[in-house]
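Structure first, commentary second.
The values are calculated or read from the model by the stated rules, or taken from the named source; none is laboratory data. On a predicted model such as this, the values are computed, not experimentally measured, just so you know. Counting neighbours? That spans all protein chains shown, and the Cβs are built from the backbone with ideal geometry, glycine included.
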Amino acid sequence: MIDLVLRNGITQDGPARSDFAIDRGMIIARGPGLDFSAKLEIDLDGRLLVPGFVESHVHLDIALMNDPRRPGRAKPFQSPLELNQAMEQRRKAFTRDDIEQRAERAVKLANRHGVTAMRAQCHVDPEVGLRHLEALVSVREKLRDVIELQIVAFPQQGLLKHPATPELFREAFRSGADVMGCAPNLEQAILPANRRDPLQPDGIKERRERFRRHIDCALDLAMELDVDLDMHADLSLASDIELDDLEIVYLARRALMCGYTGRVTAGHVCALDSASPAVAGQAIELIARAKISVISQPDMYRLGRTDARNVRRGLTRVKQLLAAGVNVAFASNNVRDAYRPLGNFDLLEEGLILAYGAHMDSVDELDALLRMCTDNAAKAVHLEGYGLEPGCSANMVVLDAPSPSAAIVDQAEKSFVIKSGKIIATNEIESSSTI
Ligand SMILES: [Zn+2]
């Protein structure tokens, strides 16, 4: 007798019904009318079965830092710089216990919404040292039955300001980090104040020099340690931008030169939408050649706030990237922290917001959106054994929806969330959600 059989489920591949046999945490067979007896059998009755959602970019160490009883920003939004200063200030009070407790609550909330794997960004810098990392390593061990957690060593204070920082990052990998982070925008403070405005002509050269040095340092460390690189790329919105101003272009060229293709993931990439279509086309070609995965984030919320009219949305060029064959995912990035006081670790919710922002509303585009938080996100973070084929890990979500596009538009209930063959969350309702 095996552990579990799911009967009559449909998948992202089409409406044909299939059974799934699960034993010892693995999918062992898939097909119509499977002849297994199991300790538990569930008839999905045509509901959609997908592999577990992958939260491919989230700042887990700072998540849920706001008062849950009155969600929202304490003071009105002023500027991105002010948000970063608020974060630097508030994290001084974080203890390892506090980080662990919030991260555990966050993982449980994500589980409830169908997330079974997560790539967590984690502050590493001379000020906090490895405190955040040690907390997340402990959470990874404690919750290994419910979440597959990767930890990115994220340079919240840059890589160049303090000479000891590269060695601190080597120590982070000896202490359990999985992926090298990269955030050129956080090197701002290494320049004198009068040379910091990238929109001024004499600031452009300085900005390029700064982001290239940061990327060089991050890439050199990633190659030395033989780990993947996860980059916060092109977060700002310039009014116009040249090819050489794009951080992702520099990284793509360097990755191609070093033979480091297929190992870089880039989040945000907002400035790509500020480039002319011709420049953006050249950039996308380089991104595709370097096999960089792009992760769209809720930048529509973050950017364009000073535009007096025709407010820019700040999203990357999702549809053009997909059309060029680039692997594109989306993720929550910040959930109820100093940067974004919104979010629920609910990727169906983030997907619906992206559908509005990126103008993705055909059935095919909505189907593609669901893959962006399943298959594409898994590919972006290099998950092994991901999917619904025999031999894959039994990490899956039963959605109360008759198709992928319905899952997004209906904001479908996650009927069952399964991790390593065990049901870890149920949200069963009495009747079908089909309208
Ligand atoms: Zn981020």
Restricting attention to region 315-347, and to residues there that are more than 17 Å from the chain's Cα centre (by Cα) and more than 17 Å from Leu60 (Cβ to Cβ), which single residue is surrounded by the most Cβ atoms within 10 Å (Cβ to Cβ)? Gln320
Would you pick out the residues in region 85-132 that are in a helix (DSSP H, G or I) and closer than 30 Å to Arg371 by Cα? Arg102, Ala103, Glu104, Arg105, Ala106, Val107, Lys108, Leu109, Ala110, Asn111, Arg112
When only residues in region 235-259 that are modelled with pLDDT under 95 and within 16 Å of the ligand (Cβ to nearest atom) count, which is surrounded by the most Cβ atoms within 10 Å (Cβ to Cβ)? Leu235
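Rundown of residues vs (1) of a type in the set (Lys, Arg); (2) surrounded by 21 or more Cβ atoms within 10 Å (Cβ to Cβ); (3) free of Cβ contacts under 8 Å to residues at least 24 places away in the same chain, yes/no style:
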| residue | (1), (2), (3) |
| --- | --- |
| Arg112 | yes, no, no |
| Val124 | no, yes, no |
| Glu127 | no, no, no |
| Arg144 | yes, no, yes |
| Ala183 | no, yes, no |
Just to be sure before I move on: is Glu428 of a type in the set (Asp, Glu) and within 22 Å of Leu40 (Cβ to Cβ) in the structure I sent? yes
Hey, Ala93 crowded, with 22+ Cβ neighbours inside 10 Å and farther than 19 Å from Leu399 by Cβ or not: no
Which of the residues belonging to region 1-16 are in contact with an Asp or Glu (Cβ under 9 Å, 6 or more places away or on another chain) and closer than 16 Å to Val397 by Cα? Leu4, Val5, Leu6, Arg7, Asn8, Gly9, Gln12
Yes/no for Pro71 being part of a loop (DSSP other than H, G, I, E, B) and either under 14 Å from Phe345 (Cβ atoms) or in contact (Cβ under 8 Å) with a residue 24 or more places away in the chain (or both): yes
In region 281-305, residue farthest from Ile248 (Cα to Cα) [restricted to those that are assigned to a loop (DSSP other than H, G, I, E, B) and either touching a strand residue (DSSP E or B) at 6+ places or on another chain (Cβ under 8 Å) or more than 16 Å from the ligand (Cβ to nearest atom) (or both)]: Arg305
Here is a list: Gln89, Gln78, Gln85, Gln101. Which entry is of a type outside the set (Ser, Thr, Tyr) and modelled with pLDDT of 95 or more? Gln101
Failed condition for Arg140, given (1) within 16 Å of the ligand (Cβ to nearest atom); (2) under 23 Å from Ala377 (Cβ atoms): (1)
Across region 281-328, which residue is farthest from Gly351 (Cα to Cα) among those that are modelled with pLDDT under 95 and of a type in the set (Ser, Thr, Tyr)? Thr306
Filter result (surrounded by fewer than 24 Cβ atoms within 10 Å (Cβ to Cβ) and not polar (S, T, N, Q)) within region 260-270: Tyr260, Gly262, Arg263
Within region 210-234, restricting to residues that are assigned to a helix (DSSP H, G or I) and of a type in the set (A, V, I, L, M), the one that is farthest from the ligand (Cβ to nearest atom) is Met223
Out of the residues in region 254-280 meeting the condition of being without any contact (Cβ under 8 Å) to a residue 12 or more places away in the chain and outside any loop (DSSP other than H, G, I, E, B), tell me which one is nearest to Gln121 (Cα to Cα). Met257
